[in-house]
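Here's the structure, in structure tokens; my notes come after.
The values are calculated or read from the model by the stated rules, or taken from the named source; none is laboratory data. A quick note: this is a predicted structure, and the numbers were derived from the prediction, not measured. Backbone-built Cβ (ideal geometry, glycine too); neighbour counts: all protein chains shown.
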Amino acid sequence: MNKILHIFLSFVFLQSCNDNEVVSKKEIDKSILDPKSSINANFDGKIFSIPSPFQMSILLNETVENYSPEILHDPIKVEKYSTNFSRALNLGVYSADLGYTCVNNQNNTSLMYLSAIESLTSKIGLEFVFDKNFMIRFDRNKSNLDSSLVILTEAFRKADDYLKSEKRKGTSALILIGSWVETLYFATQINLKERNEKVIHHIGEQKQTVSTIIDLLKEYEYDGDTKKLQVDFTELKFYFDQVIVNYEYLTPVVDKLKKQTTLRHKLNIDISDKVLTEIAEKTEGIREQILHLSI
Amino acid sequence: MNFFKNILILTLSIMAFNYSFSQECSGLVEICKNNLIKGNPKFLSDGQVYSVLLNNEKAEFKTTFFGNSTYRIAVTSGIEDDYVVFSVKDLDGNILFTNKDYGNSAHWDFKVPETLPVVIETELDLDKKKAGCVVMLIGFIQ
């Protein structure tokens, strides 16, 4: 036992002194690593990615000119969320709402959502991200969309970094899931109001993300509360599985000087009206469930 | 008694080990951020930090590049810029890009006229670094 301990401690010491030194793979026993740590390669071999709610709002804004405030969640309801689960999911919802109001230059409404976000973040240990300095900086730049988006996306990146480094990947995942549901709700509702082929295309583009979310919810099954969401997302996936995606590969073009690759593939997305309606209804149902948590 | 003592030492060592890597990852995020925001216009972060501890293995994840956007992938695993190899593949496995062909460049931009689900694969260049934390950030501009 003592021998094993000495070998292990020697490894820890060497690793912390100089990580460039040769480390034999045999010396690392992966079973000792916490599977929920963000620094663990053995996180089921998976890293998760969910589209930025800000980007989705920008894409929708480029496609549809009209601002639709009725699709947003009510910021006043923020105080009713009393569990980490409901707070994290609704922090995601409000983040997406903030993104939508921001890209539509609704500065005063944006501040209301920012205030809701500040309230939720302070309750889940992220008060340092949306602190007074942040609010002042955001307020000063709110008339400049580009600057305010840089400030906001950086803040959310900081929050994500903090949660992951504190081994709170579950909370980070719930925030992302909440924001994704809200942006999908925007797209489906905007399209129901007035059919728009580009918006339909954006809805179809989400096919892959549904599977990612189901994987995420399974990963955090221990939280208990995720069971119902897992069932709902599995149903949503059933509808997304009926979205037909045709892909044709074409060799990309590289500009070495600019450090840029231009993709040239072709991608067609086909969704029937029936499937589109089913996706819209299921998304609305999941969103309602999230909004009414702990209320 | 000795058994419990050993368990305690082992637990503390594991905590120190994890803490050491956690600190390493946190420090790398700022370095990576500099690669993400180089130049004008500024890329907006997708709001996520992708960090992973690698030791002679690959990490991969799926994401979607949305059409009419330009993406930047920035990576780091230390002070030197060329420790990390990353590749972008389509879901059929076609390699769309690998920084291995460009001196392990620490960042690369992708102009995306049409949406595409992709797989991003990351590994350490074992000739330069054997093990450690790899941080990746993804940014976009419309």
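Scan the range A:91-127 for residues that are crowded, with 19+ Cβ neighbours inside 10 Å, among the hydrophobic types (A, V, I, L, M, F, W, C) and within 22 Å of B:Leu44 (Cα to Cα) and report the count.
9
Which one of the conditions (1) of a type in the set (A, V, I, L, M, F, W, C); (2) at pLDDT 95 or above; (3) surrounded by fewer than 17 Cβ atoms within 10 Å (Cβ to Cβ) does A:Ile271 fail to meet, given that it meets all the rest?
The one condition A:Ile271 does not meet is (3).
From the set of residues in the range A:129-175 that are buried (at least 22 other Cβ atoms within 10 Å of the Cβ) and β-branched (Val, Ile, Thr), which is nearest to B:Leu44 (Cα to Cα)?
Only one residue fits best here, namely A:Thr153.
Do you know which residues across the range B:31-49 are buried (at least 21 other Cβ atoms within 10 Å of the Cβ) and within 7 Å of chain A (Cβ to nearest Cβ)?
Result: B:Leu44, B:Ser45, B:Asp46, B:Gly47, B:Gln48, B:Val49.
Looking for something in contact (Cβ under 8 Å) with a residue 60 or more places away in the chain, closer than 29 Å to B:Gln142 by Cβ, crowded, with 23+ Cβ neighbours inside 10 Å and of a type outside the set (A, V, I, L, M, F, W, C) - is there at least one such residue anywhere in the range A:213-234?
So far as the range A:213-234 goes, no, none of its residues is in contact (Cβ under 8 Å) with a residue 60 or more places away in the chain, closer than 29 Å to B:Gln142 by Cβ, crowded, with 23+ Cβ neighbours inside 10 Å and of a type outside the set (A, V, I, L, M, F, W, C).
For the range A:184-212: of the residues being exposed (fewer than 15 other Cβ atoms within 10 Å of the Cβ) and acidic (Asp, Glu), which is farthest from the other protein chains (Cβ to nearest Cβ)?
A:Glu194
Return yes when B:Val52 is surrounded by 16 or more Cβ atoms within 10 Å (Cβ to Cβ), aliphatic (A, V, I, L, M), in contact (Cβ under 8 Å) with a residue 12 or more places away in the chain and more than 7 Å from chain A (Cβ to nearest Cβ) and no when it is not. Reasoning before the result, please.
Working: surrounded by 16 or more Cβ atoms within 10 Å (Cβ to Cβ): yes; aliphatic (A, V, I, L, M): yes; in contact (Cβ under 8 Å) with a residue 12 or more places away in the chain: yes; more than 7 Å from chain A (Cβ to nearest Cβ): no.
Taking the combined requirement at face value, the residue does not satisfy it.
Tell me, yes or no, whether the range A:236-245 has at least one residue that is of a type in the set (D, E, K, R), within 14 Å of chain B (Cβ to nearest Cβ) and either under 24 Å from A:Ser95 (Cβ atoms) or out of contact with any helix residue (DSSP H, G or I) (no Cβ under 9 Å at 6 or more places or on another chain) (or both).
The answer is no; no qualifying residue exists.
So which residues in the range A:256-276 are touching a residue at least 60 places away in the same chain (Cβ under 8 Å) and within 11 Å of chain B (Cβ to nearest Cβ)?
Scanning the range A:256-276 gives a single hit, A:Ile269.
Is there a residue in the range B:105-112 that is closer than 24 Å to A:Lys167 by Cα and surrounded by 17 or more Cβ atoms within 10 Å (Cβ to Cβ)?
no
Out of A:Thr153, A:Thr171, which single residue is under 28 Å from A:Glu65 (Cβ atoms) and under 14 Å from the mean Cα position of the chain (by Cα)?
Result: A:Thr153 is the single residue among A:Thr153, A:Thr171 that is under 28 Å from A:Glu65 (Cβ atoms) and under 14 Å from the mean Cα position of the chain (by Cα).
Quick check on A:Tyr162: is it within 18 Å of the chain's Cα centre (by Cα), closer than 30 Å to A:Ala280 by Cβ and assigned to a helix (DSSP H, G or I)? If you could, list the steps in order and put the result at the bottom.
On the way: within 18 Å of the chain's Cα centre (by Cα): yes; closer than 30 Å to A:Ala280 by Cβ: no; assigned to a helix (DSSP H, G or I): yes.
For A:Tyr162, the condition - within 18 Å of the chain's Cα centre (by Cα), closer than 30 Å to A:Ala280 by Cβ and assigned to a helix (DSSP H, G or I) - is not met.
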